[in-house]
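In what follows, a single structure is set out as structure tokens and then discussed.
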Amino acid sequence: MDKVVATAGEAVADVPDGASLAVGGFGLSGVPNVLIQALYERGVGALSVVSNNCGAMESGLAVLLAAGRIARVTGSYIGANKEFARRYLAGELEVELIPQGTLAERLRAGGAGIPAFYTPAGVGTQVAEGGLPWRYDGSGGVAVASPVKEVREFDGTAYVLERGIRTDFALVRAARGDRHGNLVFNRSARNFNPPAAMAGRVAIAEVEELVEPGEIDPDAVHLPGVFVQRVVALTSAEAADKRIERRTVSG
């Protein structure tokens with residue numbers, strides 16, 4: 001039952017080239033930076049990544065992206081990541097953009113063993129009708145476009161069929177975790193980390209605080225250890241390394 005692995009490098013040692021990864025985090029919050037850095041240091045490439053966004057401020061998945069290690073991204077937000085946009089428009093990266101809520105549910109559904117579900121999000125748009133550019137040809141043309149999805153009516157409302165997502169591995173970050181893999185997330189870090197961990201066949205969690213089994217109130221557990229296969233305890237310096245994307249003040 002003890003799922004603790006000594007180092008991040010050991011935890012990701014069996015992630016091969018071409019693997020699919022569900023990666024938690026929302027902006028700069030709850031991003032498994034230490035595990036991502038360990039993957040970078042291993043030199044793993046041709047990765048298919050499922051994540052809300054693809055890193056920001058040269059951290060998180062942006063480390064792998066800048067090194068050309070990511071071949072495909074399924075996500076909902078490009079934002080201010082100029083390298084992401086450049087690679088996508090240049091035809092160096094395949095990108096499947098989907099509504100944010102749909103992404104969260106596709107991950108959760110995959111982890112719950114639900115192969116597909118219907119949602120109204122995207123009906124009447126290219127999300128359902130197809131034609132969204134997944135990959136450009138580098139000259140402004142579309143090399144690969146999204147397919148048409150099934151649309152069905154329920155009680156007078158149209159819904160589009162979306163597939164659940166399963167990945168080879170998942171990388172997540174939690175505020176607290178025990179040796180059995182039970183995890184607690186802090187505020188907005190809870191948005192995508194739990195469904196990402198559920199979607200991965202092998203879920204690896206880096207935790208800011210490692211505690212013994214029984215120290216976390218069962219009612220406080222956000223993700224049960226049944227969904228987590230490996231736990232890496234961060235050092236105090238790693239746990240405290242949290243960036244702020246935009247500093248704002250009000251008078």
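When the range 169-191 is filtered for residues that are at pLDDT below 95 and either among the hydrophobic types (A, V, I, L, M, F, W, C) or open to solvent by less than 10 Å² (accessible area, probe 1.4 Å) (or both), only 189 remains. Number of residues in the range 157-188 that are β-branched (Val, Ile, Thr) and out of contact with any helix residue (DSSP H, G or I) (no Cβ under 7 Å at 6 or more places or on another chain): the value is 1. Scanning the range 127-168 for residues being polar (S, T, N, Q) and within 23 Å of the chain's Cα centre (by Cα) gives a total of 2. Taking the residues in the range 147-182 that are among the β-branched types (Val, Ile, Thr) and touching a Phe, Trp or Tyr at 6+ places or on another chain (Cβ under 9 Å) as candidates, determine which candidate is nearest to residue 21 (Cα to Cα). Among them, the one singled out is 172.
The residues of the range 94-132 that are free of Cβ contacts under 8 Å to residues at least 24 places away in the same chain, over 14 Å from residue 150 (Cβ atoms) and open to solvent by less than 40 Å² (accessible area, probe 1.4 Å) amount to a single one, 131. Scanning the range 202-222 for residues that are open to solvent by 80 Å² or more (accessible area, probe 1.4 Å) and either among the hydrophobic types (A, V, I, L, M, F, W, C) or not in a strand (DSSP E or B) (or both) yields 212, 215, 217, 218, 219. Out of 6, 38, one residue alone is open to solvent by 60 Å² or more (accessible area, probe 1.4 Å), farther than 17 Å from residue 200 by Cα and not in a strand (DSSP E or B). It is 6. Answer yes or no as to whether residue 154 is under 30 Å from residue 127 (Cα atoms), touching a Ser or Thr at 6+ places or on another chain (Cβ under 8 Å) and of a type outside the set (D, E, K, R). When the stated conditions are applied, residue 154 does not pass them.
Considering (1) touching a strand residue (DSSP E or B) at 6+ places or on another chain (Cβ under 6 Å); (2) under 30 Å from residue 145 (Cβ atoms), the lone condition that residue 5 does not fulfil carries the number (2).
The values are calculated or read from the model by the stated rules, or taken from the named source; none is laboratory data. Worth saying up front: this structure is predicted, and the values here are computed from it rather than measured. With ideal geometry, Cβ positions are generated from the backbone for all residues, glycine too; neighbour counts draw on all protein chains shown. Surface areas here come from the heavy atoms of the whole protein model, side chains and all, with no ligands, DNA or RNA. Shrake-Rupley method; radii C 1.70, N 1.55, O 1.52, S 1.80 Å.
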